[in-house]
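Some notes on the structure that comes next.
The values are calculated or read from the model by the stated rules, or taken from the named source; none is laboratory data. Given the structure is predicted, the values throughout are model-derived calculations rather than measurements. Cβ placement follows ideal geometry from the backbone for every residue including glycine, while neighbour counts extend to all protein chains displayed. Note: accessible area is taken over every heavy atom of the protein model, side chains too, but ligands, DNA and RNA are not part of it. Shrake-Rupley method; radii C 1.70, N 1.55, O 1.52, S 1.80 Å.
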Amino acid sequence: WQLKLDLGGLWLGLVGNICLTLLFFPVARGSAVLQFFGLTSEGSIKYHIWLGHAVMTFFTAHGICYIVYWALMGQMSQQTLKWSRSEISNVAGEISLLAGLGLWATTFPRIRRKMFELFFYTHYLYIVFVVFFVFHVGFTYACYMLPGFYLFLVDRYLRFLQSRRHVRLLSARILPAAGQTLELSFSKSPGLKYSPTSVLFLNVPGISKLQWHPFTVTSNSSLETDELSVVIKGEGKWTKKLYEMVSSSAAADHHFDVSVEGPYGPASTDFLRHETLVMISGGSGIAPFISIIRDLIFTSSHLQLKTPRLILISSFKTTADLAMLHLLLPITAASSAATANLRLTIEAYITREKQAAATSPFHNNNVRTKWFKPSPTHAPISPILGPTASWLWLAAVVSSSFLAFLVIIGILTGYYIYPEGKKHGEAGFPMALTAFLYMLVLCACVAAASSGAFLWNKRKSGRDQTIQIRNVEGATPTAGGSPAGGGAVYEMTEELESLPLRTIEEATNLHYGVRPNLRKLLVEYCTEGGSTGVMVSGPAGLRHEAAAICSSGLADDSLQFESISFSW
């Protein structure tokens with residue numbers, strides 16, 4: 001039975017390696033692999049979580065089996081400190097397992113949500129985990145996990161290159177303090193295209209140099225060709241600190257340094273296949289629907305195509321939270337006029353207030369817009385590998401770097417590792433040193449190929465960005481604020497802000513002290529005929545309720561459900 005325990009521990013490790021082979025594919029955000037399978041970066045995170053739990057479960061059981069086996073065989077001290085020159089290194093495996101356990105302990109939902117910063121920083125232990133895993137089994141055997149990890153490594157380095165330069169923050173729409181919500185607008189290159197419901201990762205060095213947080217993109221790349229906007233709601237330490245920084249009067253004294261990764265989103269969306277599109281949200285879950293509404297504004301006004309009737313059902317805690325509706329439409333007059341053909345109905349439910357105020361909540365417009373003077377060192381957001389055929393560039397980077405890696409390790413093995421190994425007879429060349437040299441060459445090849453492709457595309461887009469900088473500087477508004485050569489922030493008048501507000505107020509029905517009866521509403525809207533798309537963004541309970549209604553057969557299967565979840 002001791003032999004069976006030894007063999008069982010080996011098989012547990014082998015099954016864990018299979019899970020490890022797939023672990024890194026879901027977190028390669030910028031690769032075309034996810035889009036090929038119809039996945040988005042945020043939608044694939046759940047597969048990474050499942051695989052991560054499986055990897056650590058099998059590897060932990062693998063380690064326990066061998067610890068028990070060594071104890072029973074009286075080899076505990078000998079085996080736990082073994083670092084073999086040409087075989088399995090137990091010490092390396094133990095270090096890898098300890099790093100994995102430290103990472104794994106912070107991934108459980110209660111710990112992750114209450115102590116996100118701890119979860120975030122301990123996740124960097126994956127570097128220790130992977131390096132010592134390769135030392136443990138050797139580079140040749142570790143090639144089982146090479147495809148997924150190689151793609152992740154290329155993607156991670158390209159994202160590193162994109163994030164090195166600060167981007168230009170143009171303006172901020174600041175909603176009332178009760179909701180602590182912002183819409184930040186950044187300059188972008190016209191060649192950057194993205195789909196509705198895309199996500200952008202932000203880093204603000206003034207808050208934390210290491211933390212990256214994902215936020216929903218609310219702008220439309222065709223309607224707003226030179227701007228990209230995201231909505232941020234103050235729900236944690238990082239977001240509340242950002243709200244304080246942007247909304248404070250001291251913001252006029254300095255430029256905001258912001259780095260980005262992305263945007264990442266679905267390869268394509270098709271909302272026109274529905275006669276009616278019902279969007280159900282709770283709280284800040286309204287954010288992805290802002291990008292959908294703006295996309296349909298462009299489709300209706302510029303492409304002259306018929307758009308589905310839009311029904312937005314949103315739940316808010318208080319009247320102050322209705323300020324989120326201010327963000328549904330862009331603030332430009334041209335965009336507001338383009339909403340004339342948009343068939344939009346908003347059902348807004350205020351759950352914690354029993355009756356309406358004396359005046360309309362839309363008349364208390366406390367939304368402020370700040371315009372930031374551009375810094376010459378900040379650049380527009382642009383595609384990592386160019387505006388067109390980025391997947392071809394990615395394929396070129398992967399193939400060229402891997403080919404270079406094979407050539408270099410062939411030369412290294414033939415002219416250094418093999419001759420040196422022969423000198424030591426049966427002991428051979430140290431397996432750990434071989435793995436280290438191979439990993440070093442691998443990283444160097446990825447860095448060289450990725451940097452070359454990135455710099456080539458950056459040079460091609462540099463001229464367009466220079467022209468765009470001049471246009472932004474010349475277009476910076478001065479109404480109601482400092483002269484063009486003055487401070488870094490300008491306050492905007494409410495004339496443009498009031499234009500979309502009138503449209504939103506006319507389309508909104510307010511309900512106080514109740515929650516939406518989703519069953520009644522969905523049955524009502526689906527009886528109007530044609531296909532009805534149902535999209536839900538919000539808490540898990542809200543998504544499950546809507547899914548149960550759509551699958552109940554009450555509407556003769558005319559309800560087509562889709563869930564949008566950014567929480568994991």
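Go through LYS240/LYS370; LYS46/LYS237; LYS193/LYS240 and tell me which ones have a Cα-Cα distance over 26 Å in this structure.
Values: LYS240/LYS370 18 Å; LYS46/LYS237 24 Å; LYS193/LYS240 30 Å.
From the list (LYS240/LYS370; LYS46/LYS237; LYS193/LYS240), the Cα-Cα distance tops 26 Å for LYS193/LYS240.
With the alpha-carbon atoms as the only input, what is the per residue convex hull volume for segment 96-139 in Å³? Numbers along the way, then the final one.
Numbers: hull volume 2.2 nm³, N = 44.
Normalising the Cα hull of segment 96-139 by residue number yields 50 Å³.
Every Cα-Cα pair of segment 375-417 was included, and the share exceeding 14 Å stands at 66 percent.
Distances between placed amide hydrogens fall under 5 Å for THR181 paired with LEU175, GLY234, all partners being 5 or more residues away or on another chain.
Would you kindly calculate the translational diffusion coefficient of segment 35-106, applying Stokes-Einstein with the Kirkwood radius from alpha carbon pairs, for 37 °C and a viscosity of 0.692 mPa s, and quote it in µm² s⁻¹ without decimals? Spell out each step's value before the answer.
Details: Rh = 14.4 Å.
Stokes-Einstein gives a translational diffusion coefficient of 228 µm²/s.
A simple rule links phi to the HN-Hα coupling: the Karplus curve 6.51 cos²θ - 1.76 cosθ + 1.60 with θ = phi - 60°, which for segment 146-154 gives 4, x, x, 5, 5, 5, 5, 5, 4 Hz, with x for Gly and Pro. Rounded to the nearest 10 square angstrom, LEU510 shows an accessible area of 60 square angstrom against a 1.4 Å probe.
Of all lysines in the structure, the ones whose alpha carbon falls short of 16 Å from that of LYS241, not counting any fewer than 8 places away in one chain, are LYS209, LYS233.
Along its first, second and third principal axes, ordered by size, segment 105-200 spans 56, 39, 24 Å in Cα coordinates. What the Cα atoms of segment 174-304 give is an Rg and a Dmax of 15.7, 50 Å. From most to least packed by mean Cβ count within 10 Å, the peptides 181-194, 284-297 give 284-297, 181-194. From most to least packed by mean Cβ count within 10 Å, the peptides 517-526, 115-124, 313-322, 430-439 give 313-322, 430-439, 517-526, 115-124. Straight-line cross-link partners of LYS422 among the lysines, defined as a Cα under 24 Å from its Cα and at least 8 positions apart when in the same chain: LYS82.
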